[in-house]
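The values are calculated or read from the model by the stated rules, or taken from the named source; none is laboratory data. Bear in mind that the values here come from a model prediction, so they are computed numbers and not experimental data. Cβ coordinates were reconstructed from backbone atoms using ideal geometry, including for glycine residues, and neighbour counts include every protein chain displayed.
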Amino acid sequence: MFRRIHHIAIICSDYAKSKRFYVETLGFEVVREIYREERKSFKLDLKVGATYQIELFSFPSPPARVSAPEACGLRHIAFEVENVEDAAQELRAKGIKVEPIRVDELTNKRFTFFRDPDNLPIEIYEE
């Protein structure tokens with residue numbers, strides 16, 4: 001069912017420091033940097049190998065708890081699947097609660113989330 005990791009999203013507490021670390025220290029190439037005024041948030045897409053796989057986010061005063069959706073730390077892990085509906089059905093058949101399927105407003109691709117036993121959100125994203 002799962003083909004590969006689609007992307008990893010990380011929320012940071014200090015955007016400039018984290019950007020410097022990921023770009024200058026670790027050497028990831030910047031694909032795109034966006035400031036979203038309505039959310040007072042930066043989004044930095046970073047290339048890992050042949051394709052970008054890390055999304056670095058900033059939010060004003062993110063909560064410290066990692067279980068909150070916009071908390072510092074790992075935001076979610078995303079796996080690419082051939083068909084989101086089929087994958088969601090397979091997860092549900094295994095007793096896993098899956099959120100309703102949504103459409104990414106930027107790519108028009110379908111995606112949804114489920115959670116691991118520690119409440120970490122995991123995304124499945126249609127190829």
Point to revise | Residues satisfying the stated conditions in segment 45-77, i.e. more than 26 Å from residue 27 (Cβ to Cβ) and either at pLDDT below 80 or among the acidic types (Asp, Glu) (or both) | key: 63, 64, 65, 66, 67, 68, 69, 70, 71
Practice item. Tell me which residues, restricted to segment 82-103, are farther than 12 Å from residue 124 by Cα and among the basic types (Lys, Arg). Key: 92, 94, 97
Revision key, fill the gap. Among strands (runs of 3 or more DSSP E) entirely inside segment 30-116, those with 3 or more residues being touching a Leu at 6+ places or on another chain (Cβ under 8 Å) are 41-48, 51-58, 73-81
Check your understanding: Just a yes or no: is a residue in segment 54-76 touching a residue at least 60 places away in the same chain (Cβ under 8 Å) and either hydroxyl-bearing (Ser, Thr, Tyr) or in contact with an Asp or Glu (Cβ under 7 Å, 6 or more places away or on another chain) (or both)?
Key -> yes
